[in-house]
Amino acid sequence: MNERDGFEQRLREARTRQGLDKPSEGGKQGLPPGPMGIGFRVGVELVSALVVGVVIGLMLDRWLGTKPWLFLLFFVAGAAAGVMNIFRLFKPPGSRKTWGRKGPGS
């Protein structure tokens, strides 16, 4: 294991030297700086999930001849996926929901 640890450390140092890994400045990772960046990301998350859902629904409707039912189903699924992405965006990094199961030590 010692060789692997040494390799990992050398790889990390090389990536930092080349500018591939920038040290984190603390705060939330993944959130763009400022309210305008956060708002833009929220919009992109929601719209992209809706577009993917609509495209999949339209393609399946065309292929299976079930207009408009799969379109409506995947529109709702895309909207739900977008909302879940936004919830994940604003959820604190350490919090984790167990959804009805008791966590360790409970």
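Assess whether residue 98 counts as being modelled with pLDDT under 95 and touching a Leu at 6+ places or on another chain (Cβ under 8 Å).
Values: modelled with pLDDT under 95: yes; touching a Leu at 6+ places or on another chain (Cβ under 8 Å): no.
Answer is no for this residue.
How many residues does the stretch 32-69 contain that are hydroxyl-bearing (Ser, Thr, Tyr) and assigned to a helix (DSSP H, G or I)?
Final tally of qualifying residues: 1.
In the stretch 6-26, is there at least one residue being modelled with pLDDT under 85, part of a helix (DSSP H, G or I) and surrounded by fewer than 10 Cβ atoms within 10 Å (Cβ to Cβ)?
yes
Pairs under 8 Å by beta carbon, first residue touching a residue at least 12 places away in the same chain (Cβ under 8 Å) and within 12 Å of residue 56 (Cβ to Cβ) in the stretch 68-91, partner of a type in the set (Asp, Glu) and assigned to a helix (DSSP H, G or I), six or more apart or different chains?
Between residues of the stretch 68-91 that are touching a residue at least 12 places away in the same chain (Cβ under 8 Å) and within 12 Å of residue 56 (Cβ to Cβ) and residues that are of a type in the set (Asp, Glu) and assigned to a helix (DSSP H, G or I), the close pairs are 70/61; 71/61.
Any chance the stretch 76-85 includes a residue that's polar (S, T, N, Q) and either assigned to a loop (DSSP other than H, G, I, E, B) or modelled with pLDDT of 95 or more (or both)?
no
The values are calculated or read from the model by the stated rules, or taken from the named source; none is laboratory data. Here the structure is a predicted model, which means the values were calculated and not measured. Heads up, the Cβs are rebuilt from the backbone with ideal geometry, glycines too, and the neighbour counts pull from every protein chain shown.
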